[in-house]
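J.: One structure follows; several queries about it will come next.
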Amino acid sequence: MGNRISAYCRRTGWKRMLVMVLGNIFLGMGISIFKFAGLGNDPYSGMVMALADRAGVPYANLLLVVNLFIFILEAGFGRPLIGAGTLVNAFFLGYITTFFYRLWTWISPLPQGLPVRILVMLAGTAVTGFGVSMYQTPNVGVSPYDSMSLILTKRLPKSSYFCNRIFTDAVCALVCFLAGGIVGLGTLVSAFGLGPVINFFNVYFTRKLFGKDEDIL
């Protein structure tokens, strides 16, 4: 098993693997900052957080279970989308997020006042966008949740990726709301504002890490 993993890393490229892992770390940090702001997370994270609170189980543990379930669907209908990045995201993102959230709450009390919370949320937007850019650009696997909109687009040729992504996010936001979670400004910013931030980091930072490598996203 160790030899297979080492061979995969060499074939994929250690640089891509490192950038992907760092991307997941920054992504978890960004999600934790969104939660720290208290204005709502991205729809998927918010849904799992709300369900975890309702069930009385740790967020990271429930995220792992939900990711495993979605991973089964990804393996069945979108196997080419699976890579090292899929597994790192599915198994470790929740624990990375929990680590940073506990760190913020240990360093500082929860932010008070809407202006301060908005500033914290904007910081979360920047960090999350940077993390997604770092995680996706190496093209070494799609997270279980992100694969759903891609699979729907492939299976339903008349539908667009944009509509399918809005659909999956809307379902998660609805479940989050019904479970008593926060659906607020942070949710809207995550759903509609992260795209330009991710693209900014793609163009001005992450793609430059790989030079003229044609296999990156």
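The values are calculated or read from the model by the stated rules, or taken from the named source; none is laboratory data. In this text, all values refer to a predicted model and were calculated from it rather than measured experimentally. Positions of Cβ are generated from backbone atoms using ideal geometry, with glycine treated the same way; all protein chains shown enter the neighbour counts.
J.: Answer yes or no: is there a residue in region 65-75 that is of a type outside the set (A, V, I, L, M), closer than 17 Å to ILE31 by Cα and surrounded by fewer than 21 Cβ atoms within 10 Å (Cβ to Cβ).
T.: Checked region 65-75: no residue is of a type outside the set (A, V, I, L, M), closer than 17 Å to ILE31 by Cα and surrounded by fewer than 21 Cβ atoms within 10 Å (Cβ to Cβ).
J.: From ILE82, ILE96, ILE182, which residue is within 18 Å of MET47 (Cα to Cα), surrounded by fewer than 20 Cβ atoms within 10 Å (Cβ to Cβ) and under 18 Å from the mean Cα position of the chain (by Cα)?
T.: ILE182
J.: Please enumerate the residues belonging to region 145-179 that are among the small types (Gly, Ala, Ser) and either surrounded by 15 or more Cβ atoms within 10 Å (Cβ to Cβ) or modelled with pLDDT of 90 or more (or both).
T.: Hits for region 145-179 are SER147, SER149, ALA170, ALA173, ALA179.
J.: For region 54-68, which residues satisfy the criterion of being touching a helix residue (DSSP H, G or I) at 6+ places or on another chain (Cβ under 8 Å), assigned to a helix (DSSP H, G or I) and in contact (Cβ under 8 Å) with a residue 12 or more places away in the chain?
T.: Those that are touching a helix residue (DSSP H, G or I) at 6+ places or on another chain (Cβ under 8 Å), assigned to a helix (DSSP H, G or I) and in contact (Cβ under 8 Å) with a residue 12 or more places away in the chain: TYR59, ALA60, ASN61, LEU62, LEU63, LEU64, VAL66, ASN67, LEU68.
J.: So GLY28 fits all but one of (1) part of a helix (DSSP H, G or I); (2) more than 24 Å from GLY129 (Cα to Cα); what number is the exception?
T.: For GLY28, the failing item is (2).
J.: Before we move on, is THR168 assigned to a helix (DSSP H, G or I) and more than 21 Å from LEU51 (Cβ to Cβ)?
T.: No: the conditions fail for THR168.
J.: Restricting attention to region 23-64, which residues are of a type in the set (Val, Ile, Thr), farther than 18 Å from GLY85 by Cα and surrounded by fewer than 21 Cβ atoms within 10 Å (Cβ to Cβ)?
T.: The answer is VAL57, and nothing else.
J.: For the list (1) without any contact (Cβ under 8 Å) to a residue 60 or more places away in the chain; (2) polar (S, T, N, Q); (3) in a helix (DSSP H, G or I), I need the number of the one condition that SER133 fails.
T.: Single failed check for SER133: (1).
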